[in-house]
1. Which FRET efficiency, nearest 0.05, do Lys21 and Leu100 yield, Cβ-Cβ r, R0 25 Å?
2. Need one number: the % of Cα-Cα pairs in the stretch 109-201 sitting beyond the 21 Å mark.
3. Let me know the Rg and Dmax you get for the stretch 148-190 when you use only its Cα atoms, in Å.
4. With +1 on each Lys and Arg Cβ and -1 on each Asp and Glu Cβ, and nothing else charged, work out how big the dipole of the stretch 2-48 is about its Cα centre, in Debye to the nearest 20.
5. So for the pair Gln123, Glu177, with labels modelled 7 Å out along Cα→Cβ, what separation do we get in nm?
6. Quick one: P(r) of the chain from all Cα-Cα pairs, 10 Å bins, percents rounded to integers, in order of increasing distance.
7. Using the Cα centre of the chain as the reference point, and only Cβ charges (+1 on K/R, -1 on D/E), how large is the resulting charge dipole? Debye, rounded to the nearest 20.
8. Determine the gain in length on full extension of the stretch Leu217-Lys86; use 0.36 nm per residue of separation and subtract their C-alpha separation, reporting nm with one decimal.
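Any read-out appearing in this document is the output of simple, stated calculations on the displayed coordinates, not a laboratory observation. As the structure is a computational prediction, the values presented were derived from the model and not from experiment. No Cβ is skipped: glycine too gets one built from the backbone with ideal geometry, and neighbour counts run over all protein chains shown.
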Amino acid sequence: MKSVFKAAFYLRSNHVNKDGKSMVMLRCSLNGERANFGSTGIGVDPKTWDCTKSRVKGKNTEALSTNLQLSNLEDLVTSLYYKYEKTDKLSLERIKQDYLGKTVSTETIMELFEAHNEDVKKQVGCGGLSTTSYSKYELVRKRFAQMILKQYRRKDLRLTEVTPFVIHDFELYLRTEIGQSPNTATKTLKTFKSVILFGIRNGLMTNNPFANIRFHLKGVDRGYLEDDELNRLMNKEISNKRLSLIRDLFVFSCFTGNSIVVNVLMSILKQIDITKYGITL
């Protein structure tokens, strides 16, 4: 079925500049989905604006010049639509990126990883993400690169080649070659899925290899500490302040029976090689 693309102009009615003009805004739609492309940089007198035709009324020089600029912009975004119309890259976000001059040349999965991880890196320290999050995505990128090199003897894959079968191969690689447990492999795949969804949201890919994949975490017996193990942990001198605090909270939770805190702290401890701090249980 042929897609339907439309471009329309409207006035930013809630703001008039010192010259008494309002900015003309651009909005585009694709198959019913709409997106604002922002200001055109063209200001007009609201009294001269024809809402029905999305153009300036009149035949004077200023009106004709303004309408010509608007027509040129409409032709530009329409040409961008035709550029992607018969490809799997067609999306409003892709057209918008091209229009705003922000096109990301991302054709392969490793390029997508690079774009995604760079985006995550920029958010570190801004109250949203931590360096741990960035490191997690970098590790998944490394694991996936290792997998395609070993399985397919390739250093990269086109985005259209990342299929459910590739996801299956990646899971097997994590389980058999890396030695990840079923739950750890599932968490790795969830992280990889976040990268794929980033690509879809930004119009870099349309196929979702995870569309029909459901994740299931298996229940595990976390075990427990014997009395002597708990005593050794309580009396252990720990120079690292963060680990010392985690130890204190963990011990407190053991005596108060706060299982939620215990679970959280255990998950943190699993991510840390405590042996390098001289801690053994």
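1. With a Förster radius of 25 Å, E is 0.65.
2. 29 percent
3. Spelled out, the Cα radius of gyration and Dmax of the stretch 148-190 are 10.8, 29 Å.
4. In debye, rounded to 20, the stretch 2-48 gives about 80.
5. For the pair Gln123/Glu177, the computed spacing is 2.9 nm.
6. Result, from short to long distances: 5, 20, 21, 18, 15, 11, 7, 3, 1, 0 percent.
7. 640 debye
8. 43.2 nm
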